[in-house]
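The values are calculated or read from the model by the stated rules, or taken from the named source; none is laboratory data. In this text the structure is predicted, and so the values were computed from the model without any measurement. Glycine gets a Cβ as well: all are built from the backbone with ideal geometry, and neighbour counts include every protein chain shown.
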Amino acid sequence: MRKHKGVSYAKWGYIFILPFFVVYILFTLVPQLTTFYNAFFENYRSGLKQIGPNFVGLDNFVKLFTPDKSGNIGMLKYFGNTVILWVLGAVPQIVIALLLAVFFTSYRLNIKGQRFFKTVIYMPNLIMASAFSMLFFTLFSPVGPVNQVLLSSGLTEKAIDFLGIRISVRLLISLMNFLMWFGNTTILLMAGIQGIDQCMFEAAEIDGASSLQTFFRVTLPLLAPILVYTVITAMIGGLQMFDVPQVLTNGKGTPDRTSFTMVMYLNNYLGTSKNYGMAGAISVVLFIVSASLSLVVYRMLSKPYKN
């Protein structure tokens, strides 16, 4: 009898995932390794003259944490700005997204038209950050609609410079990040809740559990993996915040660079000087900080729900 040759499904699986690894290696892994490499070299442009690349070891990292003439360490200041902006936008984003996700997926309420609500809350995420920033810049400028309403209603005697006050600039940046991303977070959390076996909620109801008890004893523990994922990705995105403050403050981080972020600081070295060494050092520090904080957040949020 003739033996039929079997189909090697594993081989075809490797073939199908090969393009991903090729793209990842060429456009992610190689640039990452190059960044780490550049961090240990002096490599920049001074006018028309190219300096380096010359190996300088850890000198670039030492310069990052060396105080300037005024005694400030730029790296720490801009990292603090970034964390503040992230917390102001991410904490409300996650809390409200979680509440909306529970509200829309509640089998007791049985809300209709979930697809419509998903579309509406996701729409701000489709708007480019630069366009969103220009919209807020126009709205809150000294001659913008917000000031005109305040002046015409008599609530203020002169125009308020929203873009010149530290707290207002930070709140505007945080508000924009919240509006752009809370819809995406809500949909992720809704998907996580809908993946929980409905029998768990029915059992809790039979046992007489209240809505709060069901939320804290059933929903949160089973939603922990998705919640950890959303918090970590939101944190990484927050540490890489660039486009919104860049456009809103015209790259200056006004006032007095209190809205100047880590990536804006990095971008300064990639401007006219093309200082790949210092930019690489900032990227390495940002990578280490992001990885460390992600590990801390993972352990903190996962530990209470582990068996």
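Listed by first and then second residue, the pairs with beta-carbon distance under 8 Å, at least 6 apart or on different chains, first residue in region 215-229 and over 15 Å from Thr185 (Cα atoms), second basic (Lys, Arg), form an empty list. Within region 262-298, the set of residues being outside any helix (DSSP H, G or I) and either among the small types (Gly, Ala, Ser) or at pLDDT 95 or above (or both) comprises Gly271, Ser273.
A count restricted to region 184-210 and to residues that are without any contact (Cβ under 8 Å) to a residue 40 or more places away in the chain and either in contact with a strand residue (DSSP E or B) (Cβ under 6 Å, 6 or more places away or on another chain) or closer than 25 Å to Phe116 by Cα (or both) stands at 4.
Please enumerate the residues belonging to region 88-97 that are buried (at least 19 other Cβ atoms within 10 Å of the Cβ) and farther than 15 Å from Thr233 by Cα. If the condition is that a residue be buried (at least 19 other Cβ atoms within 10 Å of the Cβ) and farther than 15 Å from Thr233 by Cα, then Leu88 is the only one that fits. Of all the criteria given as (1) touching a residue at least 60 places away in the same chain (Cβ under 8 Å); (2) not in a helix (DSSP H, G or I), the one not satisfied by Gly238 is (2).
Look at (1) surrounded by 18 or more Cβ atoms within 10 Å (Cβ to Cβ); (2) out of contact with any Phe, Trp or Tyr (no Cβ under 9 Å at 6 or more places or on another chain); (3) not hydroxyl-bearing (Ser, Thr, Tyr) and you find that Gln240 fails only one, number (1). Within region 267-278, residues that are under 18 Å from Asp59 (Cβ atoms) sit with their Cβ atoms under 6 Å from residues that are in a helix (DSSP H, G or I) and not aliphatic (A, V, I, L, M), at 6+ positions apart or across chains, in these pairs: Asn275/Tyr269; Tyr276/Asn38; Gly277/Asn38; Gly277/Asn60; Met278/Asn60; Met278/Tyr269. Just a yes or no: is a residue in region 192-200 within 18 Å of Gln93 (Cα to Cα), over 12 Å from the mean Cα position of the chain (by Cα) and modelled with pLDDT of 90 or more? Yes, region 192-200 contains at least one residue that is within 18 Å of Gln93 (Cα to Cα), over 12 Å from the mean Cα position of the chain (by Cα) and modelled with pLDDT of 90 or more. Name every residue in region 35-46 that is surrounded by fewer than 17 Cβ atoms within 10 Å (Cβ to Cβ) and either hydroxyl-bearing (Ser, Thr, Tyr) or within 12 Å of Asn275 (Cα to Cα) (or both), in order of residue number. Those that are surrounded by fewer than 17 Cβ atoms within 10 Å (Cβ to Cβ) and either hydroxyl-bearing (Ser, Thr, Tyr) or within 12 Å of Asn275 (Cα to Cα) (or both): Tyr37, Arg45, Ser46.
Residues checked against (1) assigned to a helix (DSSP H, G or I); (2) in contact (Cβ under 8 Å) with a residue 40 or more places away in the chain:
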residue: Arg45; (1), (2): no, yes
residue: Ile51; (1), (2): no, no
residue: Thr66; (1), (2): no, no
residue: Asn72; (1), (2): no, no
residue: Leu85; (1), (2): yes, yes
residue: Pro92; (1), (2): yes, yes
residue: Tyr107; (1), (2): no, yes
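Checking the stated criteria, Leu85 turns out not to satisfy the condition of being surrounded by 17 or more Cβ atoms within 10 Å (Cβ to Cβ) and touching a Leu at 6+ places or on another chain (Cβ under 6 Å).
Selection of region 124-163 for residues being closer than 25 Å to Gly237 by Cβ, of a type in the set (A, V, I, L, M) and at pLDDT 85 or above yields Ala129, Ala131, Met134, Leu135, Leu139, Leu163.
Among the small types (Gly, Ala, Ser), touching a residue at least 40 places away in the same chain (Cβ under 8 Å) and touching a helix residue (DSSP H, G or I) at 6+ places or on another chain (Cβ under 9 Å), is that true of Ser259? Yes: the conditions hold for Ser259. The number of residues in region 47-57 being surrounded by fewer than 14 Cβ atoms within 10 Å (Cβ to Cβ) and either within 12 Å of Gly280 (Cβ to Cβ) or of a type in the set (Gly, Ala, Ser) (or both) comes to 2.
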